[in-house]
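Below you'll find the structure, written out as structure tokens, and then a few comments.
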């Protein structure tokens, strides 16, 4: 069986039926799977998805403290910028373009660590990275861990139900997981540790990294703007942590055919370019599916790409040693031929 067919833990309702068609589970089935996989008493190997949602739960009180005690025009602006722009752009830079696709390389481990911890720690790398490789291999097909055709809840709870790595990988398959994760700098479990914990990362490493990251950022925000700013931005991170789970459902047009001529050139799946995630986070999703290893996905003049801006600046100062930019290929293969053949230009 090909590696990407079995690297993720299959949900109890399966990926596809006996005819090879996508299984669209009921709400009851999805919720049952979700709570079963969060049960660390039943199986300690469920610790990572539990930990992922524990971090979200810990951020929620900050959000309500912010609304109740620190809501003002300046904290509202700060929350908007931090959640929509800074957290979103960082997710594109770190989890998407570097950790998954290796679209650029850091000069050394210091700059990698710096970029990794540039914002409040929320998403475990292995949950994002491994499943995203599967997503690109099976986009909008059975086995895609966040297939929008299966509905909103299927995508929203995918980080628990569909994205964790399988708990029964052979040592050879686990070593392939390690190869996909090695460049991220996240310390890997041995195969024996993986068999015990069911994850690439060890709980001690994940928890210590979380505590250090949150402690640093709360202190930094407190020194800048007191508890008001700290609660505001931690609450904003919680807002983003929930909101980002809706992206792949929206980014694949809710499972419908909504691609537009001259805007969405990748026709192999249902991905679409959207103004809002593009402008605030550099996530021009259809462009990304055309050239997933490109450090830039905002190819057109109006497609602002703040993630690309960060990568370029870091390259200028020597923190990033190399990157891949597919804008020229996009223009040659798609944009220029489209403009040449566009009605009225013949």
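Summarising the label geometry, the points placed 7 Å from Cα in the beta-carbon direction at residue 242 and residue 105 lie 4.2 nm from one another. A crude spin-label estimate for the pair residue 204 and residue 67, with each label 7 Å from Cα along the Cβ direction, gives 4.0 nm. In the stretch 17-86 the Cα-Cα distances spread across 10 Å bins starting at 0 as 16, 27, 24, 24, 8, 2 percent of all pairs. A Förster radius of 22 Å, combined with the Cβ-Cβ distance separating residue 196 from residue 36, puts the computed FRET efficiency at roughly 0.65.
The Cα-based radius of gyration of the stretch 223-265, divided by its Kirkwood radius, gives an Rg/Rh of 1.32. Consider all pairwise Cα distances in the chain and report the whole-number % of them above 36 Å. Roughly 20 percent, rounded to a whole number. Packing around the peptides 72-85, 129-142, taken as the average count of other Cβ atoms within 10 Å per residue, puts them in this order, highest first: 129-142, 72-85. From most to least packed by mean Cβ count within 10 Å, the peptides 210-216, 87-93 give 87-93, 210-216. Rounded to two decimals, the Cα-based Rg/Rh of the stretch 254-346, with Kirkwood Rh, is 1.01. Just so you know, the averaged projected area of the alpha carbon convex hull for the stretch 45-201 sits at 10.9 nm².
With the cut-off at 1.5 for a/c, could you classify the stretch 158-207 from its C-alpha gyration tensor as rounded, prolate or oblate? Rounded. With the simple spin-label model, which puts each label point 7 Å out from Cα in the Cβ direction, the residue 316 to residue 76 separation comes to 3.4 nm.
The Stokes-Einstein estimate for the stretch 75-153, based on a Kirkwood radius over Cα pairs and taken at 4 °C with 1.567 mPa s viscosity, is a diffusion coefficient of 91 µm²/s.
Taking the chain as a Gaussian network of alpha-carbon nodes connected by springs under 10 Å, the highest mean-square fluctuation of the residues 258, 270, 28 belongs to 28. For the chain, the relative contact order is 24 percent, taking Cα pairs closer than 8 Å that sit 6 or more residues apart in sequence and dividing their mean separation by the residue count.
Packing here is the average count of other Cβ atoms within 10 Å per residue, and on that basis the peptides 313-320, 291-298, 249-256, highest first, run 291-298, 249-256, 313-320. Using the Cβ-Cβ distance between residue 117 and residue 222 with R0 set to 22 Å, the FRET efficiency from 1/(1 + (r/R0)^6) comes to roughly 0.80. Subtracting the Cα-Cα distance of residue 21 and residue 58 from 0.36 nm times their residue separation leaves 9.5 nm of extension gain. Residues of the stretch 213-257 falling in the label zone of residue 85, defined by backbone nitrogen less than 16 Å from a point 7 Å along Cα to beta-carbon, are 233, 236-237.
Our Cα-only numbers for the stretch 155-280 put the radius of gyration and Dmax at 19.5, 51 Å. Can you give the FRET efficiency to the nearest 0.05 for residue 257 and residue 152, using r as the Cβ-Cβ distance and R₀ = 25 Å? Efficiency computed from Cβ-Cβ geometry: 0.90.
Any read-out appearing in this document is the output of simple, stated calculations on the displayed coordinates, not a laboratory observation. In this text the structure is predicted, and so the values were computed from the model without any measurement. Because the Cβ atoms are built from the backbone with ideal geometry, glycine has one as well, and the counts that use them run over all protein chains shown.
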